[in-house]
Amino acid sequence: MRHLYTWGAITIIVLASTTGDVLLSRAMKQVGDVGRVRREAGWIAVVFRVLRNPNFLLGLLAMASAFFSLLFALSWADVSLVAPASASLTFVANAVAAKIFLHERVDHLRWMAALLVAAGVVLLAA
Amino acid sequence: MTFRKYLVLAGVAILASAGDSLLSRGMKQVGAISLHHLSSVILAILNPWVALGILLLLGFFASYMMALSWADLTYVLPATSVGYVLLALIAKFLLHEDVTLTRWLGILLISAGVGFVTRGPALTSPTASDNCMPDAAAPRVQS
């Protein structure tokens, strides 16, 4: 039963954090290069622009859900299972989501990078 | 990519792995949370390890947002996965844990992935400034 809970929580972590990453990435592209905005308008303007962005707030909500699912999962299973399993699945899910929703050019270099890192993370936990 | 930008990426990697380790240590002290008392997860933040972990993760979040403002998601994620390698090296040389052959192989794969992605461009997605600025054709000053 604990096994089922753990993998259920891992699935929620992967879905929620991928949604969060995509929304946050979109928000920060809308805000613009933080270094440039800071030089032109100052730190306070940067913070206001980020906090007023609806994609940022939704992304934060998704990340918070992922975070609490992580806390649950960590209380049910070892970190050496939960962290690599959710991280490596999130790398692959993010590559797919970034291509579809953010129109990033995910070329063979980036696919290789995502898959190598995902496989490496699994081996670290083995 | 400037030195400062690589520093931000390093901050993302280091703060994330340090924050996660602290959370893990804290949640082991808190113990398993029962499905009937889901609200007790809120009390977990009273544990000092969990609190410190959350503090570091806030720092991670700030640097992560900074990185996403000038680089693709599919660049930032693999590039900051050096954190896993750092964690394994800390385990080996500071905590004197045994790092097995499989783990070294994992480190090798992650490093290769980081190498692959950092060889390409950091930004390929259209940004808001490209869409909104009427003078998008004007050369932009690269920091």
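Residues checked against (1) buried (at least 21 other Cβ atoms within 10 Å of the Cβ); (2) of a type in the set (Asp, Glu):
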residue: B:Thr2; (1), (2): no, no
residue: B:Ala44; (1), (2): yes, no
residue: B:Leu86; (1), (2): no, no
residue: B:Phe93; (1), (2): no, no
residue: B:Asp98; (1), (2): no, yes
residue: B:Leu108; (1), (2): no, no
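Here A:Ala114 clears all of (1) over 14 Å from the mean Cα position of the chain (by Cα); (2) at the interface with another protein chain (Cβ under 8 Å from one of its Cβ atoms) except the condition numbered (1). Scanning the stretch B:89-107 turns up no residue that is within 30 Å of A:Trp43 (Cβ to Cβ) and modelled with pLDDT of 75 or more. Within the stretch A:76-104, being in a loop (DSSP other than H, G, I, E, B) and within 18 Å of the chain's Cα centre (by Cα) holds for A:Leu102, A:His103, A:Glu104.
Filtered by the rule that a residue be touching a Ser or Thr at 6+ places or on another chain (Cβ under 6 Å) and under 16 Å from B:Ile90 (Cβ atoms), the stretch B:12-35 gives a lone residue, B:Ala13. Restricting B:Thr102, B:Thr74 to residues that are over 14 Å from the mean Cα position of the chain (by Cα) and within 29 Å of B:Val117 (Cα to Cα) narrows the list to B:Thr102. For the stretch A:45-52, the count of residues that are loosely packed, with under 14 Cβ neighbours inside 10 Å and either outside any helix (DSSP H, G or I) or among the charged types (D, E, K, R) (or both) is at least one.
The values are calculated or read from the model by the stated rules, or taken from the named source; none is laboratory data. Just so it is clear, the structure is predicted and the values come from calculations on it, not from any experiment. In this analysis, Cβ positions are derived from the backbone assuming ideal geometry, glycine residues included, and neighbour counts consider all displayed protein chains.
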